[in-house]
Amino acid sequence: MENLKHKVKKIMAVVFDQDLESIPDDAEPLKIDNWDSLNHLQLIVGLEEEFEIKFNDQELTELLNLQLICSILKTKI
Amino acid sequence: MKNPYEIGRLVYLRPPEEEDLDSEWYTWLNDAETTQYLGDRYWPNTKTKQKEFYESIKNSKTRLVLLVIDKNNDRLIGVCSLNNISFFHGKAEIALIIGEKDYRKGIYSIDIVALLLKIAFTRLNLRNLITSRLLSNKSTEGLEKIFGFQKVGVFKGLSFYNGNYEDLVYSQLNKEDWNKRNQEK
């Protein structure tokens with residue numbers, strides 16, 4: 001799970017244009033300045049490309065923060 | 001919740017009522033930022049015109065317009081629609097506006113599109129959904145990508161936007177692909 005979280009943080013750091021160290025374990029849109037709706041979509045695209053998966057509609061609506069993203073990814077990879 | 005038609009994670013969709021004409025709904029269509037990517041964004045809107053629009057859609061079987069309501073506080077935040085519905089061909093065009101700007105951060109648009117797809121493919125039994133967007137509309141492009149829409153065509157330089165003539169990009173999602181994506185783990 002730690003390795004998965006680190007991979008997701010690396011994608012977040014690129015998408016949100018932040019230092020990797022500045023992405024907290026409880027990262028969510030309100031805690032990261034550049035986590036707007038457009039970058040949220042870019043994050044999802046980045047996750048799908050990195051992990052070679054597709055989220056279904058229900059999962060897309062549940063990707064609300066780092067913890068939930070990792071939980072859903074864990075069920076798919 | 002008041003008269004929900006479809007309920008999502010953050011929002012629910014309900015049909016508009018006459019009393020909604022007194023809300024902020026009609027003012028959204030005068031805001032340049034809100035309407036920047038809409039096809040009809042040039043002419044001012046009024047409560048009177050909104051009433052005419054409401055009268056035109058309230059019994060329509062070719063246009064399903066639904067208001068987007070925040071589940072937490074019952075606040076009207078946007079409007080979405082399936083337009084040019086053809087039950088003969090099983091197709092419609094999809095559109096949404098988030099009028100309240102503080103709801104544009106986060107995943108509200110994702111919640112709304114997920115609900116519209118569910119309505120189109122399961123309740124109305126449509127077979128194909130179509131989107132059209134300006135080439136520079138990255139938000140809609142992202143939504144199309146994550147929901148599995150496939151680009152099917154481009155009209156070159158068809159739409160005037162920000163001083164330039166931009167390409168209009170058409171994409172399509174069919175029911176089979178939607179079912180497949182939602183059945184896979």
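The values are calculated or read from the model by the stated rules, or taken from the named source; none is laboratory data. The structure displayed is predicted, hence computed values, not measured ones. Glycine gets a Cβ as well: all are built from the backbone with ideal geometry, and neighbour counts include every protein chain shown.
Restricting attention to the range A:26-61, which residues are out of contact with any Lys or Arg (no Cβ under 7 Å at 6 or more places or on another chain) and part of a loop (DSSP other than H, G, I, E, B)?
Once the filter is applied, which keeps residues that are out of contact with any Lys or Arg (no Cβ under 7 Å at 6 or more places or on another chain) and part of a loop (DSSP other than H, G, I, E, B), the range A:26-61 yields A:ASP26, A:ALA27, A:GLU28, A:ILE32, A:ASP33, A:ASN34, A:TRP35, A:GLU52, A:PHE55.
Quickly run through the range A:54-71 and pick out the residues that are among the aliphatic types (A, V, I, L, M), surrounded by fewer than 20 Cβ atoms within 10 Å (Cβ to Cβ) and at pLDDT 95 or above.
Within the range A:54-71, just A:LEU68 meets the criteria.
Which count do you get for residues in the range B:1-27 that are assigned to a helix (DSSP H, G or I) and surrounded by 20 or more Cβ atoms within 10 Å (Cβ to Cβ)?
2
Pairs needed: first member in the range B:103-132, facing chain A (nearest Cβ under 10 Å); second member anywhere, among the acidic types (Asp, Glu) and in a helix (DSSP H, G or I); C-beta distance under 7 Å; at least 6 residues apart or different chains.
Close Cβ pairs satisfying both conditions: B:ALA114/A:ASP57; B:LEU117/A:ASP57.
Just checking: which of the helices (runs of 4 or more DSSP H) contained wholly in the range B:79-184 hold 3 or more residues that are over 22 Å from A:SER37 (Cβ atoms)?
B:175-183
Can you tell me which of B:GLY142, B:GLY157 is free of Cβ contacts under 8 Å to residues at least 24 places away in the same chain, within 14 Å of chain A (Cβ to nearest Cβ) and of a type in the set (Gly, Ala, Ser)?
Only one candidate qualifies: B:GLY142.
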